[in-house]
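**Q** If you scroll down you'll find the structure; I have some questions about it.
The values are calculated or read from the model by the stated rules, or taken from the named source; none is laboratory data. Because the structure is a prediction, the values reported are computed rather than measured. All Cβ positions, even for glycine, are placed from backbone atoms using ideal geometry, and neighbour counts span all protein chains on display.
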Amino acid sequence: MPDVLALKAPAKLNLFLHVTGRRPDGMHLLESVFVLIDLADDITLTLNAAGEITRTGDVVGEVERDLCVRAARALKKASGTPLGCTIDVKKRIPAGAGMGGGSSDCASVLMGLNHLWRLGLGREKLMALGNTLGADVPFFLFGQNAFARGTGDELTPVAVPDAWAAVVMPSQSTSTALIFQDSCLTRGTKSLKISSLSQRLSNHWPALIGRNDLQPVAMRINPEIKEALDILGPGARMTGSGSAVFALFHDEEGARRALRGVPQSMRGYAARILQEHPSACCLAD
């Protein structure tokens with residue numbers, strides 16, 4: 001077994017994002033198709049036999065609140081292992097993009113430490129732990145493209161055709177809390193039927209079905225989102241709660257061509273849709 005483990009933590013896109021209701025506790029009920037893309041952070045885990053957990057590399061915010069650190073401590077406590085680790089992260093997924101960068105890092109740390117610490121835990125146990133850390137963490141531990149319901153924790157595998165995405169990240173991120181608090185947010189979109197979802201996705205692929213219910217509110221809060229959508233043209237959509245937007249293409253050439261108009265104030269990425277999480281081999285099952 002290795003003492004050092006290198007992992008990829010891929011970003012995700014929401015092909016659509018519907019708000020279908022609201023629970024009595026105020027949590028919004030969502031439906032979406034999450035897909036993995038090969039834009040990824042690089043994570044290196046190094047075994048620490050003394051039991052210490054340390055964090056190096058790129059850190060967004062305070063170290064004590066870092067999801068990777070919290071994930072390692074939660075797994076150490078849950079498993080009872082005396083081992084520790086050093087977690088080094090090289091960020092490539094932009095923060096505040098709606099592409100799940102922090103949650104993906106967290107999930108890859110859980111998968112990697114499961115292997116490095118020889119815990120032998122399966123997907124379901126890690127997903128249950130991940131659900132206590134962040135809403136998107138269970139999806140990345142699920143390890144494949146999925147139809148998500150509820151608060152994002154009810155996941156069903158869904159077949160998604162191959163494609164390339166042109167992704168544009170505005171210079172400013174957008175507050176998720178402000179979007180969900182807005183009185184103009186659509187909260188009653190009709191629920192989709194999973195039985196016909198894969199067929200609907202492929203019928204006019206790579207054109208997208210549905211919409212992102214958060215997009216109109218987000219554009220009002222952050223006008224740069226509309227600018228980014230206009231750059232990519234008809235068919236572009238915001239992912240998650242933004243600020244990143246994307247459009248799908250059959251090939252890499254089409255995606256890169258769409259990014260030629262991205263101004264220096266924004267960032268553009270061409271990324272391929274993945275069918276499986278690149279670190280899923282660390283799961284016991």
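**Q** Test of understanding: among Pro278, Pro223, which residue is surrounded by fewer than 19 Cβ atoms within 10 Å (Cβ to Cβ) and either basic (Lys, Arg) or under 30 Å from Leu5 (Cβ atoms) (or both)? Working first, answer last.
**A** Values: Pro223 fails: either basic (Lys, Arg) or under 30 Å from Leu5 (Cβ atoms) (or both).
Exactly one of Pro278, Pro223 is surrounded by fewer than 19 Cβ atoms within 10 Å (Cβ to Cβ) and either basic (Lys, Arg) or under 30 Å from Leu5 (Cβ atoms) (or both), namely Pro278.
**Q** What residue, among those in segment 136-162 that are surrounded by fewer than 18 Cβ atoms within 10 Å (Cβ to Cβ) and touching a Ser or Thr at 6+ places or on another chain (Cβ under 7 Å), is nearest to Arg70 (Cα to Cα)? Step through it out loud before you land on a result.
**A** Filtering segment 136-162 for residues surrounded by fewer than 18 Cβ atoms within 10 Å (Cβ to Cβ) gives 150-151, 153-154, 156-157, 159, 161-162.
Checking which are touching a Ser or Thr at 6+ places or on another chain (Cβ under 7 Å) leaves us with 159, 161.
Details: Ala159: 32, Pro161: 35 Å.
Once the filter is applied, the top-ranked residue is Ala159.
**Q** Something else now. Could you please let me know if Ala97 is part of a loop (DSSP other than H, G, I, E, B), crowded, with 24+ Cβ neighbours inside 10 Å, within 16 Å of the chain's Cα centre (by Cα) and not β-branched (Val, Ile, Thr)? Lay out the reasoning, then the answer.
**A** On the way: part of a loop (DSSP other than H, G, I, E, B): yes; crowded, with 24+ Cβ neighbours inside 10 Å: yes; within 16 Å of the chain's Cα centre (by Cα): yes; not β-branched (Val, Ile, Thr): yes.
In short, yes.
**Q** Something else: Those residues that are within 14 Å of the chain's Cα centre (by Cα), assigned to a loop (DSSP other than H, G, I, E, B) and either buried (at least 24 other Cβ atoms within 10 Å of the Cβ) or of a type in the set (Gly, Ala, Ser) (or both), I need them from segment 104-135; list them, please.
**A** Of segment 104-135, the ones within 14 Å of the chain's Cα centre (by Cα) are 104-108, 130-131, 133-135.
When the remaining residues are screened for being assigned to a loop (DSSP other than H, G, I, E, B), the result is 133-135.
Once the filter is applied, which keeps residues that are within 14 Å of the chain's Cα centre (by Cα), assigned to a loop (DSSP other than H, G, I, E, B) and either buried (at least 24 other Cβ atoms within 10 Å of the Cβ) or of a type in the set (Gly, Ala, Ser) (or both), segment 104-135 yields Gly134, Ala135.
**Q** If I ask for residues that are of a type in the set (Val, Ile, Thr) and modelled with pLDDT under 95, which ones from segment 45-100 would you list? Steps first, answer last, please.
**A** Initial filter on segment 45-100 (of a type in the set (Val, Ile, Thr)): 46, 53-54, 56, 59-60, 63, 69, 81, 86-87, 89, 93.
Those that are of a type in the set (Val, Ile, Thr) and modelled with pLDDT under 95: Val59, Val60, Val63.
**Q** Continuing with this model, one more query. Would you mind finding the one in Phe180, Phe249 that is of a type in the set (Phe, Trp, Tyr) and touching a Phe, Trp or Tyr at 6+ places or on another chain (Cβ under 6 Å)? Working first, answer last.
**A** Numbers: Phe180 fails: touching a Phe, Trp or Tyr at 6+ places or on another chain (Cβ under 6 Å).
Of the residues listed, the single one that is of a type in the set (Phe, Trp, Tyr) and touching a Phe, Trp or Tyr at 6+ places or on another chain (Cβ under 6 Å) is Phe249.
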